Amino acid sequence: MINLVQISITSSASSTQPLEVLIEGNEQKKLTVPPGSTINYIGQRVLAVIIPSQGNELTYVEGRYAISISIRLTG
């Protein structure tokens, strides 16, 4: 069985800091999404998508993400 995951992450243009994202699976991948940008990740065996909380009272970070999963059964 092959599991393919696509994750699209968008950071709002009004954010004051980049959006930090950790993708955990066979390996850990750290992505930084600048304000007003979108980053796509394609990989296999993703176990978790983590958005750590950082900054101070003046930090504003807004964004959204979409996850698409494709599974191909081999036999």
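The values are calculated or read from the model by the stated rules, or taken from the named source; none is laboratory data. Just so it is clear, the model here is predicted, and its values are computed rather than measured. FYI the Cβ positions are ideal-geometry reconstructions off the backbone, even for glycines, and counts take in every protein chain you see. All accessible areas refer to the heavy atoms of the entire protein, side chains included, with ligands and DNA or RNA removed. Shrake-Rupley method; radii C 1.70, N 1.55, O 1.52, S 1.80 Å.
Descriptive notes on the structure:
A quick yes/no check of all residues on (1) at pLDDT 90 or above; (2) out of contact with any strand residue (DSSP E or B) (no Cβ under 8 Å at 6 or more places or on another chain); (3) aliphatic (A, V, I, L, M):
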residue	(1), (2), (3)
Ile39	yes, no, yes
Ile51	no, no, yes
Gln54	no, no, no
Ala66	yes, no, yes
Arg72	no, no, no
Gly75	no, yes, no
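- Checked against the criterion of being aromatic (Phe, Trp, Tyr), within 14 Å of the chain's Cα centre (by Cα) and open to solvent by less than 90 Å² (accessible area, probe 1.4 Å), the stretch 65-74 has no qualifying residue.
- The listed residue being of a type in the set (A, V, I, L, M, F, W, C), part of a loop (DSSP other than H, G, I, E, B) and in contact (Cβ under 8 Å) with a residue 12 or more places away in the chain, out of Val61, Val49: Val61
- Hits in the stretch 10-23 - residues which are of a type in the set (Val, Ile, Thr) and under 17 Å from Gln44 (Cα atoms): Val21, Ile23
The rows are residues; the columns are (1) open to solvent by less than 80 Å² (accessible area, probe 1.4 Å); (2) at positive phi; (3) touching a residue at least 24 places away in the same chain (Cβ under 8 Å).
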| position | (1), (2), (3) |
| --- | --- |
| Asn3 | yes, no, yes |
| Leu19 | yes, no, yes |
| Asn26 | no, no, no |
| Leu31 | yes, no, no |
